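Just so it is clear, none of the values below were taken in a lab; they were calculated from the coordinates. Not measured: the values here are computed from a predicted model. When we count neighbours, we look across all protein chains shown, and the Cβ atoms used for this are built from the backbone with ideal geometry, even at glycine.
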Amino acid sequence: MSILPELKDRFRRALVDLTDAPEEYLDLIRQSGDPKFGDYQANFAMPLGKKLGRPPRDVAAEIVGRLDVADFCRQPEIAGPGFINLRLKDDWLIRQLDTAAADPRLGVPQVPRPRTYVVDYSAPNVAKPMHVGHIRSTVIGDSLCRILKFLGHKVVSDNHIGDWGTQFGMIIYGYRNFLDADAYRDNPVEELARLYRLVRRLVDYHDGRRRLPELKEQIDQRAAAIEEQKLPPGEKPDKKTRKALRRLEGNLQQSRDELESLQRDLVAVDANPQISKLAAEHAEISSAVLSETARLHHGDEENLRLWKEFLPACEDEISRVYGRLDVTFDHTLGESFYNDRLGSIVDELLERGIAQESDGAICVFLEGEEVPMLVRKQDGAFLYATTDLAAIRYRMEAWAPDTVLYVVDHRQSLHFKLLFATARKLGYDKLELQHVSFGTVLGDDGTPFKARRGDTVGLESLLDEAVARAGKIVADNDDAKADGPELSQQQRAKVAETVGIAALKYADLSQNRTSDYVFSYDKMLAMNGNTATYMQYAYARVRSIFARGGVDVEALRASKPAIILGDPAERALGLEILRLSESLDLAAADYRPNQLTSYLFDLANRYSTFFERCHVLKAESEELSQSRMMLCDLTARTIRKGLELLGIDVVEKM
Ligand code: ARG
């Protein structure tokens, strides 16, 4: 049984004729911050009393009078202005712990009404180096799949990779003009990446040259607009004018920053004789790249052949990363998969009057939206949004989901807003479409995390660095053991890989996904704090107690020793173990794996306190020792399960 949902159910019944909208009040039932106030607290008598125009304590008393929780709680208490404090019965807690101990699911129930979810995550643009932003999507999406599946839902994961975009036009152009055939033979991925970067740089250079006069003019205009707002000396601007001025100054600064960075990039190319020579020789590269892409999309044989030749190498590269991250997908239907379904979608949108022609392009105008959704460009090319519409249609036909989750960074929120609105117009109004958006990974300086200017770090070098640093921690830790090191070089390397990757994943998952966060190897690998390292260490510590005591865990479980919750630390730990289920409900409710990491952190802390206060192997009696070993085992199993649902492995020794 899941405690919080059960409490909500009981309160819902008690609230029946007090309110028509119980949910907002039920959301105010929480775990108590301080055991003095019981295990859970219902804090809604105050707002409800206000609404009803009655003293909150009276309202609380009435609710308590109606509340039926005697089977698992002691008599509820009313405190202060009307808090209702609930304390679970110890014998009930013990029964629940017995059930959890005997259950491979640790007592977590499956949902009564399973839904079908399609989860669209990771989705890198292949042939471009995968970057740190893709880690977020990959690990959050993977963890959501694991959690939803464990709760009993049907989950279809689909990696909507970008395998059809302009990057292929760039590589094809690069292949035709700059290929180093030997390098390509030895390491195609690396050579393709080099070609991509080179062509990209040349395209950016020429686009930048064209943008320069435009940008300078924009700066003049913005500066002039500010001058216009300024008042003659002595006159004070009012609040509105000040606000407008601040906005204009912000815009001006933005253009100036852009100009500065653009000029820096241009100077860098000009100063490099090799690159600037290439830039001069390939003055028309931008339009040439576009037409290579267009030829590919229209089925040009040679371009299609090259695309097919490049693709396996690109896929190899991302599979290697997925292998190390332990992430798999049910399907990888990339953008190219939808190529021959795009025309018919646009035709249908036109026929049904959902889309209109505007300046030669086809657009969907949506009520209340300033910008339309573009589904076909003037030159006939289809767009990202067109592919996404085709994907919704295909997914409905193939899997009939109740919900599609798009785990994609927040910069695409407008795209998804327009996409979802258009899908509703197409008739998908029963389908729940959710943008599970996330913030940016930042560097120390507060700007998006990059190793060097102009180039995000390749994802794999990030993994390598985390593993290398974990290796040092594992070695130091092992060397410092009282009885001497216990891991071989090989074991150390294996533990380091697990610990390093885990640290990286957990650092991401433990953030509230909508916030930006600062990337820091030191923080993510800290032995103390809300990190994977701390959790893995807590797990390994329990396992080492059993090893030291020569405890046969299977036999311990089979003997079903009675659990004793005499010490407050034992009780707190027992209660925390039972909260796994509610943490998963919270994580699934708004797609936030950090609900699970916070829970695991609380659990590990409760375990620490328990471990400091309560002897396990040397307990006062054999019964107590057995009971405590059961609590240790349940803690370890819960941590292991929790980490597994985050996509993180444990280690037996570290
Ligand atoms: N390839 C895109 C990018 O890297 C993300 C795709 C997300 N999924 C989708 N169905 N639009 O920005």
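For the stretch 528-625, applying the loop criterion from DSSP together with a ceiling of 14 other beta carbons within 10 Å to the GluC sites (Glu not before Pro) yields Glu620. Placing unit charges on the Cβ atoms of the charged side chains and taking the dipole of the chain about its Cα centre, the candidate lying farthest along the positive direction among Phe546, Ile94, Phe168 is Ile94. Which value in deg cm²/dmol, rounded to the nearest 500, describes the helix-derived mean residue ellipticity at 222 nm for the chain, given -39,500 (n - 2.57) per DSSP H run of n ≥ 4 and division by the residue count? Rounded to the nearest 500, it is -19000 deg cm²/dmol. Bridge orientation summary for the chain: considering DSSP beta bridges with both residues in this region, about 50 percent are antiparallel. What angle do you read, to the nearest 10 degrees and between 0 and 90, between the alpha-carbon axis of helix 239-270 and the longest principal axis of the chain? Approximately 70 degrees, to the nearest 10.
Each residue of the stretch 131-146 is assigned a 3J(HN,Hα), and the resulting list reads 10, 4, x, 6, 4, 4, 4, 5, 6, 5, x, 4, 5, 4, 4, 4 Hz, derived from the Karplus form 6.51 cos²θ - 1.76 cosθ + 1.60 (θ = phi - 60°), x at Gly and Pro.
Along the chain, counting only trypsin sites (Lys or Arg not before Pro) with a DSSP assignment other than H, G, I, E or B and at most 11 other Cβ atoms inside a 10 Å radius, the longest segment between sites is 1-229. Applying D = kT/(6 pi eta Rh) to the stretch 47-206, where Rh is the Kirkwood radius over alpha-carbon pairs, T corresponds to 37 °C and eta to 0.692 mPa s, the Stokes-Einstein value obtained is 148 µm²/s.
When each of Val118, Val436, Val64, Val267 is scored by the number of other beta-carbon atoms lying within 10 Å, the sequence from fewest to most is Val267, Val64, Val436, Val118. Loop-located GluC sites (Glu not before Pro) across the stretch 266-333 with a Cβ neighbour count of 11 or fewer within 10 Å are Glu284, with loop assigned by DSSP. Output the pairs from Lys36/Lys89; Lys560/Lys641; Lys450/Lys653; Lys8/Lys50 with a Cα-Cα distance over 26 Å in this structure; if there are none, say none. As for pairs spanning more than 26 Å Cα to Cα, those are Lys450/Lys653. About its Cα centre, the chain has a charge dipole of approximately 1540 debye under the convention of +1 per Lys or Arg Cβ and -1 per Asp or Glu Cβ, with nothing else charged. Within the stretch 66-178, antiparallel bridges make up roughly 40 percent of the DSSP beta bridges whose residues both belong there.
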